[in-house]
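> Structure in C-alpha cells, see below.
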Amino acid sequence: MLLLALTASGQTRQDTARFRIMSYNVENLFDSRHDTLKEDREFLPDAIRHWNYTKYRKKLNDIARVITAVGQWEAPALVALCEVENDTVIRDLTRYSALREAGYRYLMTHSPDLRGIDVALLYQRHLFKPIAHRSISVPPPGKDSRPTRDILHVSGLLLNLDTLDVFVCHFPSRSEGARETEPYRLRAARLVRQAADSLLHVRQRPQILIMGDFNDYPHNKSIRQVLGAQLLPENTSENADSSVVAAQPDPYGLYHLLAHQAAHRKHFGSYKYRGEWGLLDHIIVSGTLLLPDAPCHTRGGDVFAPDFLLAPDKKYGDRQPFRTYYGMKYQGGYSDHLPVWADFYVLY
C-alpha cells in the first residue's frame with residue numbers, strides 16, 4: 001500500500017521551472033567592418049565615431065555582463081535584442097564574449113533597414129525549443145518612408161511541451177518627429193495584432209509574448225488602441241494588495257506587464273528623454289499567461305536599473321542610462337536604454 005501511495009504521488013507531482021525573459025535595445029551593436037549594401041560607415045575606424053575592434057569587443061562583453069546580471073548570474077531563457085547589425089555580431093556575442101558559457105542559440109531577422117539594423121532572439125534550447133520562425137515585413141506608409149526592421153515571430157516548445165509564440169519588435173523610430181512617424185508605428189502594431197489574433201483563434205491554449213522597443217509609450221495609440229494592451233488585472237502582480245479580489249484576465253486579451261508601474265511609479269522607465277523617464281521597451285502577454293494556475297504563467301515584470309547601467313545626468317539632473325556614445329563622444333557605457341524583464345513559471 002505504501003508503494004502504491006508513493007507511485008500515485010509521483011504520478012501527480014509537478015515541478016516548476018523559473019523562465020526569465022528580457023528585452024534590451026543595445027544601442028547600435030555594429031561590427032567594425034563595412035557592409036557595401038548598408039549605410040554603416042558611421043561605425044568604422046576612420047569615421048566620425050572612430051569605432052574600432054577594441055571598442056566592439058568591449059561592447060560585446062558589456063552586453064554579456066548585462067544579460068548575466070539580469071538573469072541573476074544565470075542565463076535568462078529568452079533574450080530579445082534590438083539594434084543589432086548582423087549575424088556576425090550575434091555570433092560573436094554568443095560564442096566569443098563572456099556569454100559563451102551560457103550556450104545560447106539565436107534567430108534573427110534580415111531586414112531592409114538601410115543601416116542594417118535588425119532584431120534577434122537568444123534562447124536556451126533546453127528551456128525553449130523553436131519549431132518555426134518567420135520575419136514579418138512592415139511596408140512603408142509612403143513612398144518617401146525609409147524601410148524599417150522586420151518583426152521576428154518564433155514559435156517554440158516549453159518544458160511542458162506547450163507552445164509559446166514570441167514576437168520581437170523594433171518599431172520605426174521617432175527621429176523625424178513623433179507625430180510624423182506615428183503612421184509607420186501604427187502599421188507595425190496592426191501587423192503584430194493581426195498575427196496575435198490568428199494565434200488566439202488557432203492555438204488550443206494560446207500563449208503569446210510580445211517584447212521589444214516600440215518607440216512609443218504605453219498610452220500611445222499603437223500600444224493602447226491598436227495592440228489593445230491592457231493594464232494588468234487587479235491583484236495580478238507580486239506587489240498587489242492581497243485584500244483585493246483578483247480580476248479574471250481575458251484569455252484572448254493582451255496585457256502590458258509594465259504599464260501599471262509606468263503610470264504610478266515616479267522616475268520609472270527604460271529610456272530618458274529631455275529629463276523625463278518613459279517606457280519605450282515593452283513586455284506584452286496574452287491573458288492565458290496571467291492565470292496563476294496555468295501551466296505557464298507570470299506575475300509581472302520590471303525595468304533593470306542597477307547603478308552600473310546609470311550615469312549622472314548633467315543637463316537635467318539625477319541619472320540617465322550610461323550610453324556607449326553621448327552625441328559623438330565615446331563614453332564606453334552600455335546603452336541609451338535599460339533592459340526590461342519578467343519571470344514566468346513553467347509547470348512540467
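> Using a 1.4 Å probe on the protein heavy atoms, what percent of the accessible area of region 127-227 belongs to carbon and sulfur?
Values: 2160 of 4600 Å².
Here it works out to 47 percent.
> Give me, ordered by chain and number, the residues 5 or more places off Gly300 or on other chains with an amide H under 5 Å from its own placed amide H.
The answer is Asp343.
> Need one word for region 113-261: rounded, prolate or oblate. Basis is the Cα gyration tensor (sqrt eigenvalues a ≥ b ≥ c); a/c below 1.5 gives rounded, then a/b vs b/c decides. Show your work: numbers first, answer last.
Working: a/c = 2.07, a/b = 1.29, b/c = 1.60.
Oblate is the answer for region 113-261, as a/c is 1.5 or above yet b/c matches or exceeds a/b.
> Cα axis of helix 87-96 to longest principal axis of the chain: angle in degrees, 0 to 90, nearest 10?
70
> Taking the simple approach of a point 7 Å from Cα along Cα-to-Cβ for both Lys38 and Glu276, what is their distance in nm?
If labels sit at Lys38 and Glu276, their model points lie 3.3 nm apart.
> With the crude spin-label approximation of a point 7 Å out along Cα→Cβ, what separation in nm comes out for Thr88 versus Ser175?
With each label point 7 Å from Cα toward Cβ, the separation is 2.0 nm.
> May I pose another question? Consider all pairwise Cα distances in region 1-159 and report the whole-number % of them above 28 Å. Intermediate results must be reported in sequence, preceding the final value.
Working: 4181 of 12561 pairs.
More than 28 Å apart: 33 percent of the Cα pairs in region 1-159.
> A follow-up question, please. Tell me, what % of the accessible area of region 26-102 is carbon and sulfur with a 1.4 angstrom probe? Write out the running numbers ahead of the final one.
Values: 1690 of 3590 Å².
Ligands and nucleic acids excluded, carbon and sulfur reach 47 percent.
> I need the phi-derived Karplus couplings for region 216-222: 6.51 cos²θ - 1.76 cosθ + 1.60, θ = phi - 60°, integer Hz, Gly and Pro marked x.
9, 9, x, 8, 6, 4, 4
> Something else: Quick one: what are the phi-derived ³J(HN,Hα) couplings along region 273-290, Karplus 6.51/-1.76/1.60 with θ = phi - 60°, whole Hz, x for glycine and proline?
Values, residue by residue: 10, 6, x, 10, 6, x, 10, 9, 9, 10, 10, 10, 10, 6, x, 4, 8, 9 Hz.
> In degrees, nearest 10, range 0 to 90: what is the angle between the Cα axis of helix 2-12 and the longest Cα principal axis of the chain?
Result, in degrees: 40.
> Ok, one more. Projected onto the charge dipole of the chain (+1 at Lys/Arg Cβ, -1 at Asp/Glu Cβ, origin at the Cα centre), which of Leu199, Leu257, Phe214 gives the Cα projection farthest towards the positive end?
Of the options given, the answer is Phe214.
> Going from most exposed to least, what order do His153, His264 have by accessible area with a 1.4 Å probe?
Numbers: His153 15, His264 130 Å².
Solvent-accessible surface, decreasing: His264, His153.
> Under the 0.36 nm per residue contour assumption, what length would be gained going from the current alpha-carbon distance of Glu234 and Lys314 to full extension? Intermediate values should be presented prior to the final figure.
On the way: separation 80, 0.36 × 80 = 28.80 nm, distance 3.86 nm.
That pair, Glu234 and Lys314, stretches by 24.9 nm at full extension.
> Suppose R0 equals 51 Å. What FRET efficiency, 1/(1 + (r/R0)^6) with r the Cβ-Cβ distance, do His264 and Arg95 give to the nearest 0.05? Write down the numbers at each step before the final one.
Details: r = 42 Å, r/R0 = 0.82.
Step by step, r from the Cβ atoms, then E = 0.75.
> Within the chain, what's the longest run with no trypsin sites (Lys or Arg not before Pro) in a DSSP loop and at most 10 other beta-carbon atoms within 10 Å? Give the range, please. Please report the intermediate quantities before stating the final value.
Details: sites that count: Arg13, Lys143, Lys266, Arg274, Lys314, Lys315.
That would be 14-142.
> Can I ask one more? Mind listing the long-range amide H neighbours of Arg115? Cut-off is under 5 Å, sequence gap 5 or more, other chains count too, H placed in the peptide plane at 1.01 Å from N.
Residues meeting the amide H criterion: Glu39.
> Can you grab the distance from the C-alpha centre of region 46-95 to the C-alpha centre of region 292-348, Å, no decimals?
Cα centres, region 46-95 to region 292-348: 15 Å.
> Could you give me the ³J(HN,Hα) list for region 67-77, computed from phi with Karplus coefficients 6.51, -1.76, 1.60 and θ = phi - 60°, whole Hz, x at Gly and Pro?
4, 5, 5, 4, x, 6, 6, 10, 5, x, 5
> Do me a favour and compute the ellipsoid semi-axes for the chain from its Cα gyration tensor, root of five times each eigenvalue, largest one first, whole Å.
Details: eigenvalues 227, 107, 87 Å².
They are 34, 23, 21 Å, listed from largest to smallest.
> Can you pull out the GluC sites (Glu not before Pro) in region 55-164 whose DSSP state is coil and whose Cβ has at most 15 other Cβ atoms within 10 Å? Walk me through the numbers before you get to the answer.
Values: sites: Glu74, Glu83, Glu85, Glu101; in loops: Glu74, Glu85.
Answer in residue order: Glu74.
> I would also like to ask the following. Just to confirm, what accessible area per residue do you get for the chain at 1.4 Å probe, in whole Å²?
On the way: 16760 Å² over 348 residues.
About 48 Å² of surface per residue is accessible.
> Compare Leu37, Leu114, Leu227 by solvent-accessible area with a 1.4 Å probe and give them largest first, with all protein chains kept in place.
On the way: Leu37 150, Leu114 55, Leu227 0 Å².
Most to least solvent-accessible, the answer reads Leu37, Leu114, Leu227.
> A follow-up question, please. Work out the FRET efficiency for Ala247 and Met328 from their Cβ-Cβ distance, taking R0 = 41 Å, and round it to the nearest 0.05. Please report the intermediate quantities before stating the final value.
Numbers: r = 49 Å, r/R0 = 1.21.
Using R0 = 41 Å, I get an efficiency of 0.25.
The values are calculated or read from the model by the stated rules, or taken from the named source; none is laboratory data. Everything quoted here is computed from the prediction, not taken from an experiment. We place every Cβ from the backbone using ideal geometry, glycine too, and count neighbours over all the protein chains shown. Heads up: the accessible areas ignore ligands, DNA and RNA and are worked out on the full protein's heavy atoms, side chains in. Shrake-Rupley method; radii C 1.70, N 1.55, O 1.52, S 1.80 Å.
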